[in-house]
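The values are calculated or read from the model by the stated rules, or taken from the named source; none is laboratory data. None of these values were measured; they are calculated from a predicted model. Neighbour counts run over all protein chains shown; Cβ positions are idealised from the backbone, glycine included.
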Amino acid sequence: MSTAQAPVTAPANPFAQDVDERLPPPSTLVLFGATGDLAARKLLPAIYDLLADGRLPERFRLLAVVRNHDEASFRAHARDAIDAHARRPLDDRLWEALEPRIGVVTGTYGDPALYASLASRLDEGDREDGEPSQRLFYLAISPAFFADTARSLCEAGLGRGADPPTRLLIEKPFGHDLATARELNAAIDESFEERQVFRIDHYLGKETVQNLLVLRFGNGIFEPLWNRTAIDHVQITVAEDLGIGHRAGYYDRAGALRDVIQNHALQLLSLVAMEPPASFDADLVRDEKAKALHAVRPLDPASDAVRGQYTAGWIAGEQVSGYRDEEDVPAGSRTDTYAALRVEIDNWRWAGVPFYLRTGKRLPLRATEIAIVFRPVPHQPFRSLDAPPPPNELVISVQPNEGATLQIAAKTPGTALAVRPVQMDFQYGTSFLRESPEAYERLLHDALLGDATLFTRADEVEAAWQVVDPVLAAWANEGAPPAEPGVGEPQPYAAGSAGPAAADALLAADGRAWRSL
Amino acid sequence: MAVTVSALAAERSEWHGEDVGANEVAERLMALNREHARHEHGHAATRTLNLLVAPGGDVDADTLAAQLAGLADRHPSRTIVVREGAAPRLDATVAIDCTIGTGAGCAGHCHDMALLVAGAERLAHADSLVRPLRVAGLPTVLWLPGTRASRAQDPLATLADAIVVDSAAASGAALPAAFRRAAALDVSRVRDVAWLRLRRWRRHVAARFDDPAARALLARADRVELRSCAPQQASALLLAGWIAARAGWTIEQLALEPGGWSGRARRADAGTVTLALRPPEVPDLTGIHALALHAGAERIALRAPVASPNPARAFAAALGMFDTPTPGYEPALAALLDGLGERDA
């Protein structure tokens, strides 16, 4: 189409009012780490599934930053990854549409020539399309390269102030502790404005996590109860039955507290604890989440935290090794494969309501859930009962069965008065039989649209590190003899058990118990 | 009255009765559900809507059954089918079908349905037949398969939050009647599958006209050409009607000619836009293949949005949007009816 005679101004788009979802503007996604595991298992399949859903812009390009591939071999690699991991079967017609949109740029991250070459390729693509496209840089690479890569992009004119606009997508871990997180944020801030930075915690892309906001703020029955008056305590569990696989190199440096609690679990906590935002504007939501994290009372590592490490045991009828016997784990490692925290939030809504957080490897099953445990009734009128009715619980299951369950007390049939807990179930799998998009589909699409609501802001990241930093510091005191129980040495727990006894004691001290796994 | 109760099987429970009352049917359905709940099937009896189905006389039972089976995979509804029978009595079949979940993250689900076959007199009061059978508190969707109206249509429409039709069930010279039928219903509640299939096309068009230069060309457009396969004529016409309505054009003439649908619209500045709906350039292509807007020598060409072809699920996906407002449908339909001279018919 010729645009030479187009006027400078034009009326508003008359068709925009009738579409349920806008398509992103013309975009080029530059994928660093394009041959890595995350790209193969999640990112390339997500791009394909977005295309299959008709949610990619007509002018979309994927540029893979590679070292040992040419265009043909990378396309073959991408096809295999999509075939193996996409939600939908690989469809030849769709692949034929996607394949020509995939290109490669060759080089190493430390080489300035790579970024010059990249900038040139991006401009070339725009010239071919006849219009500029926004550029998104997804760093699916080691966090050690985040700052330097961001700087190199900026030096190539692709960071702060870039035209066409650019965005930087990075995935946790954002630092190793509060100090390094601040360093990373500062380094990235030199190259990209905060509004250009999209920090991914893929939990936030999960349907149930987003549903938590709808559950809280879209249902009149819950929010009036969502406070210290009605809620006794909250339990957040991220349990995994798997061990560390081949990730010992990373995991032994990180541990459960860094790997899960600092990000996923505290993100869930902030969504449960946040005040209602005035609207679902990205910054308003993130302001409220950050405020909740800032209200967390400083933890006492001795009394508020438990760390554990699995020993040999049995899971699902299979015998499994202890952590120290896993491949590449250093002998005598004190890394936490289990972490539990008791967290208090010092504000009007949550004063006196503990949040118990736990995560672990080699637990009996894979389950991520948030349990809101309500206070018992103030007066027990059923004098003939041996025990009071169990408390109401609202359990929001994030995985594997996405949904929510409300536990209420009901009279069992018969002439005698007996009460038993019953469950009212909502499962995405049965109420909405359509498939949910994968978390990465949602997050990539939001990033293409520039919607940062489900991404973590720098101050949120730092606030979360602030919560766990005292515990990390105490646990890092390797070599020193344990000063107090629970400090210094991880508590052993058998693989397949629900965690160390000290974690049970953490709740028992408050007269409570973990939900069973 | 003959009644048969099958033994409860893992997958299906069924009851059939002849010359029965609606309340008895409701009791049987409830009894089946109670009996079913006693068995551990690993499924949740979750329903999200009441689906009333009033097929026209041109819809055969096998075709409808196949479509309903596809729907059950996506929408855990209570389905109530109301058909016209020759005898002046009510015959009914109620059934529960289950999919058993296996493994973590793979929940089973069940789906119950009632088939009511009633004489013409009862059908005229079909709302009273289905009221005892609906799940209270859930939205009610009325689906009208086929091109001919059932006698149950109007009484059931009084119960419906949304009315699902598919103008694409008609083609060629029968299309004006399909559009007229949709327009005769309460259009704000109508979810026309032919329109819902345009979801991606509408996103595509809206994205293209984000460009001010494209909008400027729209104001000078003198020809719109759509390439579409025959089964998608209804959708293609609705797309043309939508573009015309939102561009501020009035369709003055629209007719089926030997080469396809052709018409003429008047722009706000009194300029003329010719409309043409033609077969695809490549015979094997399906759906709406291409859209071109011309303004003299200038042109905007849009190809079909690339997306997963999944015709088997298209209807179920469309039904899933029953609670989604369709703000562009009414003006698109009105523009078409203007062109067809059917607005007040």
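Points to keep in mind about this one:
- Contacts under 9 angstrom Cβ, first residue in the range B:59-82 being more than 11 Å from B:Pro145 (Cα to Cα) and modelled with pLDDT under 90, partner in a helix (DSSP H, G or I) and not hydrophobic (A, V, I, L, M, F, W, C), 6 or more apart: B:Gly70/B:Arg313; B:Asp73/B:Arg313; B:Arg74/B:Arg313; B:Pro76/A:Thr430; B:Pro76/A:Ser431
- Only one of the listed residues (A:Asp53, A:Asp49, A:Asp37) is without any contact (Cβ under 8 Å) to a residue 24 or more places away in the chain and either within 20 Å of the chain's Cα centre (by Cα) or within 23 Å of A:Glu171 (Cβ to Cβ) (or both). That residue is A:Asp37.
- A:Trp465 closer than 25 Å to A:Ile372 by Cα, in a loop (DSSP other than H, G, I, E, B), modelled with pLDDT of 95 or more and more than 14 Å from every other protein chain (Cβ to nearest Cβ): no
- Of all residues in the range B:289-301, those satisfying the criterion of being over 15 Å from B:Arg278 (Cβ atoms) and either in contact with a Leu (Cβ under 9 Å, 6 or more places away or on another chain) or surrounded by 15 or more Cβ atoms within 10 Å (Cβ to Cβ) (or both) are B:Ala295, B:Glu298, B:Arg299, B:Ile300.
- Screening B:Ala332, B:Ala304, B:Ala268, B:Ala297 for residues that are within 11 Å of another protein chain (Cβ to nearest Cβ) and modelled with pLDDT of 95 or more leaves exactly one candidate, B:Ala332.
- Across the range A:123-135, a minimum of one residue is classified as of a type outside the set (Gly, Ala, Ser), in a strand (DSSP E or B) and closer than 29 Å to B:Ile300 by Cβ.
- A single member of A:Gln235, A:Gln262 is part of a helix (DSSP H, G or I) and among the polar types (S, T, N, Q), and it is A:Gln262.
- Inter-residue pairs, beta-carbon under 8 Å, first farther than 18 Å from B:Ala183 by Cα and in the range B:231-255, second assigned to a loop (DSSP other than H, G, I, E, B) and among the small types (Gly, Ala, Ser), 6+ apart: B:Pro231/B:Ser171; B:Gln232/B:Gly287; B:Arg246/B:Gly328; B:Ala247/B:Ala221; B:Gly248/B:Ala268; B:Trp249/B:Ala268
- Check on A:Leu136, touching a Leu at 6+ places or on another chain (Cβ under 6 Å), among the aliphatic types (A, V, I, L, M), within 30 Å of A:Ala404 (Cβ to Cβ) and touching a residue at least 60 places away in the same chain (Cβ under 8 Å): no
- Some residue of the range A:178-189 being among the acidic types (Asp, Glu), surrounded by 20 or more Cβ atoms within 10 Å (Cβ to Cβ), outside any loop (DSSP other than H, G, I, E, B) and on the phi < 0 side of the Ramachandran plot: no
- Qualifying residue in the range B:212-221 (condition: more than 9 Å from every other protein chain (Cβ to nearest Cβ) and closer than 25 Å to B:Ala168 by Cα): no
- Test for A:Gly218: is it buried (at least 20 other Cβ atoms within 10 Å of the Cβ) and farther than 15 Å from A:Phe455 by Cα: no
- For the range A:9-112, the strands (runs of 3 or more DSSP E) that sit wholly inside it and include 1 or more residues that are surrounded by fewer than 22 Cβ atoms within 10 Å (Cβ to Cβ) and away from chain B (no Cβ under 14 Å) are A:60-66, A:102-106.
- Residue check, B:Ala240 touching a strand residue (DSSP E or B) at 6+ places or on another chain (Cβ under 7 Å), within 14 Å of chain A (Cβ to nearest Cβ) and under 26 Å from B:Ala174 (Cβ atoms): yes
- Flag if B:Val130 is under 22 Å from B:Val190 (Cβ atoms), outside any helix (DSSP H, G or I) and either more than 14 Å from chain A (Cβ to nearest Cβ) or at pLDDT 90 or above (or both): no
Residue-wise test of (1) within 14 Å of chain B (Cβ to nearest Cβ); (2) under 29 Å from A:Ala254 (Cα atoms); (3) among the acidic types (Asp, Glu).
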site: A:Ala371; (1), (2), (3): no, yes, no
site: A:Asp386; (1), (2), (3): no, no, yes
site: A:Pro390; (1), (2), (3): no, no, no
site: A:Val398; (1), (2), (3): yes, yes, no
site: A:Asn401; (1), (2), (3): yes, yes, no
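- Annotation: of all residues in the range B:152-191 being part of a loop (DSSP other than H, G, I, E, B) and under 20 Å from B:Thr63 (Cβ atoms), the one that is farthest from the chain's Cα centre (by Cα) is B:Ala152.
- Residues that are surrounded by fewer than 24 Cβ atoms within 10 Å (Cβ to Cβ), touching a residue at least 12 places away in the same chain (Cβ under 8 Å), assigned to a helix (DSSP H, G or I) and more than 14 Å from every other protein chain (Cβ to nearest Cβ) occur in the range B:99-121; there is at least one.
- Taking the numbered list (1) more than 8 Å from every other protein chain (Cβ to nearest Cβ); (2) without any contact (Cβ under 8 Å) to a residue 40 or more places away in the chain; (3) within 13 Å of B:Leu302 (Cβ to Cβ) in turn, B:Ser262 passes all entries but (3).
- Residue check, A:Ala409 among the aliphatic types (A, V, I, L, M), surrounded by fewer than 21 Cβ atoms within 10 Å (Cβ to Cβ) and outside any helix (DSSP H, G or I): yes
- Residue list for the range A:469-499, filter: modelled with pLDDT of 90 or more and not in a helix (DSSP H, G or I): A:Pro490, A:Gln491, A:Pro492, A:Tyr493, A:Ala494, A:Ala495, A:Gly496, A:Ser497, A:Ala498, A:Gly499
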